[in-house]
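**Q** Quick one: structure below, then a few questions.
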Amino acid sequence: MVAVTGKQLRVTVIDMQPIMPAVGGGRQRLLGLYHALGPGIACTYVGSYDWPGESLRDQQLTPGLREIVVPLSPVHHEAAAALSRRTAGRTVIDIAFADQVHLSEEYLATARKHAMEADVVVFSHPWAYAAVAEVLRADQLVVYESHNVEGLLRMSLHDDIPAADPLVRGVVALEYRLCREADLILACSQEDREIFARVYDVSWDKLRVAPNGIFAFTYELPTSEQRAAAKKVLRVGKPRLVIFVGSNYGPNNDAAAFVADELAGDRPDVAFALIGGCCDRLQNKSLPSNVILLGTLEEEAKHAWMRAADVAVNPLSAGSGTSIKMFDFMAAGLPTVTTRIGARGICSHGVPPFVVAELDGFGTALDGLLGDAGRRGEYATLGRRNVESFYAWERISPAVGRQLSVRLAAKSGPRPHFTVVIPTYERHHLLDQLMLKLDAQTERDFEVIVVDQSASPWPAAQAVRRFPLRYVHSEIKGAVAARNLGGSLATGRIIAFTDDDCEPAADWLRKGRAWFESPTVVGVEGLIRSDHIDEPEWRPVTNVGFEGIGFMTANLMVRSTAFQQLDGFDPAFDTPHFREDTDFGWRLQAIGEVPYATGVEVFHPAQRRDIQRESQAERNRFFEKDALLLKKHPEKYRQLFFMEGHYRKTDGFGLNLRRGLEVYGVNMPDWMAAFLPGK
């Protein structure tokens, strides 16, 4: 965790809804994001109710999160209701909030008071920004934490009501202003980040992603015996149980009807439980006897059914954004069959942690899982690991806290030209040597971020150095995850990647700087020298002979704006990490120039093959990732394939590449078959 020096960091989050009870995606996001920003951070949330009749509430939700909910005035509610009547009965209290908030003096005074006392002021939705902006100070960090791109969303919701046009235009103007004046924008997804950059012309430098998630560590994964026992408690009279969860929302209602009409009727020996508001539309229908309509359940009751279930389904045929129910299923260890729409926007480590099938093949895919306990176990493990890595509030909230701390600290001083990002894992002694090389840099305008995934923290993390050092000890394993974390925290204009076992030349950064004087250059691939060339017992690491095609993070520089625009390294290439740098380099070349610079030099010592992680057998396994590279960049991969020549000189290459093609569902191209031996 990045330390907060001197005093406790005070964060105020302002919105117009309560957090508790945390029902619905918006409130769950508020609780998840801010419940545990970090031990040195105190967060106060100021919200309200968008319905009348409630009273003031002030409560400590978690050790780090206080919730203050101030009711809006009766006059405010009357004004909002009158406006609703003029806009065909639409709920417009949110999009009219900026114009009407002056009617709720107590709410406005409370929001302004806590904003003035804070170091960081977060606007979750833009509604209250205009009314609070006048009390903000220049030394505060101002953050827009967006749940959607509200301007576009409100256009789509209200474009059929001419009377709502002025309100919608006001939303666009307000969001545009907040985007321009905020120091940091936290978007829910890379897609939203791209829209902010394109529609509002926001610099990529201040756009970061804070994804939606769930509390993933609340429950342990049940054993098969525990699932069977849970079925008995719930009186499920079938040997197998399939569940679907969905609110009363068009795509969810269609999916629930598909489960009842298409899946359940053909599988009388399987129980199908439907949970949530999607049940409302089915109450008066004639349903198969194996369909159980449970309606909306409390969290404990919902989890009890998930604990009893064998498989979850998500047969969405329409909808936008990420299907949050997928996180619930994965956290519960439920192997899941979903459509591509249901799986949209979910990151993975290459192998999807669920079965993807379209509606016409959905039943067949479901039968395959129901009939194979081994596959169900594999998907349960994959899904749980996936949600813990990417979508656990327990990890997202501290990550947001780090981001706020770093951004506030950076605002108080000049921006560094470089950020050097170094992932490390169980090699603290090599990290110590690398620090000496960075101390010796002739370029002095840089900061360093070390992301350490070792079991124990680095003992020398607090040592005095000639450069600013941010040290993050991370539980999430994988070099891709480490580099992406470092890149998200970087405040330098240029991000320079190297490895913990490397030795940059003293003029590494200084010579790299010169290349970026050209505005068309988005990245620089530097020279990587090695030793013990052509010695079988050693693995040399060099890019000599592979200039402009291979790319290696041992010596790779990129503009921060380009790194954010590309959303960093693709996590599909992690665990084990391989080819993520090649994929990134090729994507980088698509948006600008990436010259090869022989003067920008790093020495990478060769690694002994008798070290397990460096052995030929261990390294050959990585060639599975070539299948992903082929899938994303078929033409460039063909060039790399013949340039590297692993097919003729590296034992095990063909076997592992073939395995990767099968694992990642990639067809072998005709040109490749002649160069790989049969299975």
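FYI, it's all coordinate maths here, none of it is from the lab. Fair warning: this is a prediction, and the values are worked out from it, not measured in the lab. Cβ placement follows ideal geometry from the backbone for every residue including glycine, while neighbour counts extend to all protein chains displayed.
**Q** Roughly what would the spin-label model give for residue 671 and residue 299, points 7 Å off Cα along C-beta, in nm?
**A** Placing both labels 7 Å along Cα→Cβ, they lie 5.3 nm apart.
**Q** Here's another thing I want to ask about it. Tell me the volume per residue, in Å³, of the convex hull enclosing the alpha carbons of the range 160-287. The partial results should precede the final answer.
**A** On the way: hull volume 25.1 nm³, N = 128.
Convex hull volume per residue, Cα atoms: 196 Å³.
**Q** Under a Cβ-only charge scheme (Lys and Arg +1, Asp and Glu -1), can you give me the dipole magnitude of the range 224-390 about the Cα centre, in debye to the nearest 20?
**A** Details: 18 positive and 18 negative charges, 65 e Å.
Dipole of the range 224-390, to the nearest 20 debye: 320 debye.
**Q** What nm distance separates the two modelled labels at residue 78 and residue 473, each placed 7 Å from Cα along Cα→Cβ?
**A** Taking the simple label geometry, residue 78 and residue 473 are separated by 6.0 nm.
**Q** Under a Cβ-only charge scheme (Lys and Arg +1, Asp and Glu -1), can you give me the dipole magnitude of the range 414-614 about the Cα centre, in debye to the nearest 20?
**A** Values: 21 positive and 30 negative charges, 130 e Å.
Dipole size: approximately 620 debye.
**Q** To the nearest 0.05, what FRET efficiency results for residue 590 and residue 228 with a Förster distance of 35 Å applied to their C-beta separation? Each step should come with its number before you reach the end.
**A** Numbers: r = 52 Å, r/R0 = 1.48.
So the FRET efficiency works out to roughly 0.10.
**Q** Using a basic spin-label model with each label point 7 Å from the Cα along Cα→Cβ, how many nm lie between residue 8 and residue 429?
**A** It is 4.3 nm.
**Q** Follow-up. I'd like to know which of 323, 498, 136 lies farthest towards the positive end of the charge dipole of the chain, counting +1 on Cβ of Lys and Arg and -1 on Cβ of Asp and Glu.
**A** In the chain, that residue is 323.
**Q** Continuing with the same structure: I'd like to know which of 65, 91, 110 lies farthest towards the positive end of the charge dipole of the range 46-132, counting +1 on Cβ of Lys and Arg and -1 on Cβ of Asp and Glu.
**A** Towards the positive end, the residue furthest out is 91.
**Q** Further question on the same structure: In percent, what relative contact order does the range 414-614 have, based on Cα pairs under 8 Å that are 6 or more apart in sequence? Write down the numbers at each step before the final one.
**A** Values: 419 pairs, mean separation 51.7, N = 201.
Answer for the range 414-614 is 26 percent.
**Q** With unit charges on the beta carbons (Lys and Arg positive, Asp and Glu negative) and the dipole taken about the Cα centre of the range 414-614, which residue among 544, 440, 577 sits farthest to the positive side?
**A** 440
**Q** With an 8 Å cut-off on Cα pairs and a minimum separation of 6 or more residues, tell me the relative contact order of the chain in percent. Could you put the intermediate results ahead of the total?
**A** On the way: 1293 pairs, mean separation 63.8, N = 679.
Here the relative contact order equals 9 percent.
**Q** About its Cα centre, what dipole magnitude does the range 392-475 give when the only charges are +1 on Lys and Arg Cβ and -1 on Asp and Glu Cβ, stated in debye to the nearest 20? Walk me through the numbers on the way to the answer.
**A** Working: 11 positive and 9 negative charges, 67 e Å.
For this selection, approximately 320 debye.
**Q** Less than 14 Å Cβ to Cβ from residue 247, Lys/Arg counted +1 and Asp/Glu -1: what total charge do the surrounding residues give? Working shown, then result.
**A** Working: positive: 27, 281, 302, 325; negative: 254, 280, 328.
Computed value for this residue: +1.
**Q** On to the next question. Loop only per DSSP, at most 13 neighbouring Cβ atoms within 10 Å: give me the chymotrypsin sites (Phe, Trp or Tyr not before Pro) in the range 172-212, ordered by residue number. Let's see the in-between values first.
**A** Values: sites: 176, 196, 200, 204; in loops: 200.
Within the range 172-212, no chymotrypsin sites (Phe, Trp or Tyr not before Pro) qualify (loop, at most 13 other Cβ atoms within 10 Å).
**Q** Here is a follow-up. For the range 224-390, what is the relative contact order in percent, using Cα pairs closer than 8 Å and at least 6 residues apart in sequence? Don't skip to the end; give the middle numbers.
**A** Working: 299 pairs, mean separation 34.8, N = 167.
This gives 21 percent for the range 224-390.
**Q** Next up: To make sure I understand the rule: partners must be aspartates and glutamates, Cα under 12 Å from the Cα of residue 238, and not fewer than 8 residues away in the same chain. Which ones qualify?
**A** Excluding near neighbours in sequence, the set is 269, 310.
**Q** With a ≥ b ≥ c taken as the square roots of the eigenvalues of the C-alpha gyration tensor of the range 224-390, please select rounded if a/c is under 1.5 and otherwise prolate if a/b is larger than b/c or oblate if it is not?
**A** Working: a/c = 1.38, a/b = 1.13, b/c = 1.22.
The shape class here is rounded.
**Q** Could you let me know the centre-to-centre spacing of the range 523-591 and the range 250-275, using Cα atoms, in angstrom?
**A** Cα centroid of the range 523-591 versus Cα centroid of the range 250-275: 47 Å apart.
**Q** Rounded if a/c is under 1.5, else prolate if a/b is larger than b/c, else oblate: which is the range 9-209, with a ≥ b ≥ c the root eigenvalues of its Cα gyration tensor?
**A** Numbers: a/c = 1.62, a/b = 1.12, b/c = 1.46.
Verdict is oblate for the range 9-209.
**Q** If you don't mind, another one. What is the sum of charges, Lys and Arg at +1 and Asp and Glu at -1, for the other residues whose Cβ falls under 10 Å from the Cβ of residue 155?
**A** Working: positive: 154, 169; negative: 150, 159, 165.
After counting each charged neighbour, the total is -1.
**Q** With n ≥ 4 as the cut-off for DSSP H runs, can you work out [θ] at 222 nm for the chain, using -39500 (n - 2.57) per run divided by the number of residues, rounded to the nearest 500? If you can, show how the numbers build up before the last one.
**A** Numbers: 26 runs with 253 residues, N = 679.
Dividing the helical sum by the residues of the chain leaves -11000 deg cm²/dmol.
**Q** Further question: Report the semi-axes of the equivalent ellipsoid for the range 414-614 in whole Å, largest first, where each axis is √(5λ) for an eigenvalue λ of the Cα gyration tensor. List each step's numbers first, then the result.
**A** Values: eigenvalues 99, 85, 62 Å².
Result for the range 414-614: semi-axes of 22, 21, 18 Å.
**Q** List, largest first, the extents of the alpha carbons of the chain along their principal axes, each in whole Å.
**A** 78, 64, 46
**Q** Assuming 0.36 nm per residue, please report the length gained on full extension of the stretch residue 506 to residue 463 beyond their Cα-Cα distance.
**A** Details: separation 43, 0.36 × 43 = 15.48 nm, distance 2.06 nm.
Gain on stretching residue 506 to residue 463: 13.4 nm.
**Q** Could you compute the FRET efficiency for residue 635 and residue 20, with r as their C-beta to C-beta distance and R0 at 45 Å, rounded to 0.05?
**A** 0.25
**Q** Apply 1/(1 + (r/R0)^6) to the Cβ-Cβ distance of residue 138 and residue 169, taking R0 = 22 Å, and write down the FRET efficiency to the nearest 0.05. Let's see the in-between values first.
**A** Numbers: r = 29 Å, r/R0 = 1.34.
With R0 = 22 Å, the Cβ-Cβ based efficiency is 0.15.
**Q** Quick check on my link table: of 437/477; 206/325; 411/477; 232/302; 625/649, which ones sit more than 20 Å apart, alpha carbon to alpha carbon?
**A** On the way: 437/477 26 Å; 206/325 30 Å; 411/477 30 Å; 232/302 16 Å; 625/649 18 Å.
Long pairs (Cα-Cα over 20 Å): 437/477; 206/325; 411/477.
**Q** By the scheme Lys and Arg +1, Asp and Glu -1, what is the net charge of all other residues having a beta-carbon under 12 Å from that of residue 402? Spell out each step's value before the answer.
**A** Working: positive: 208, 395, 407, 470; negative: none.
Local net charge: +4.
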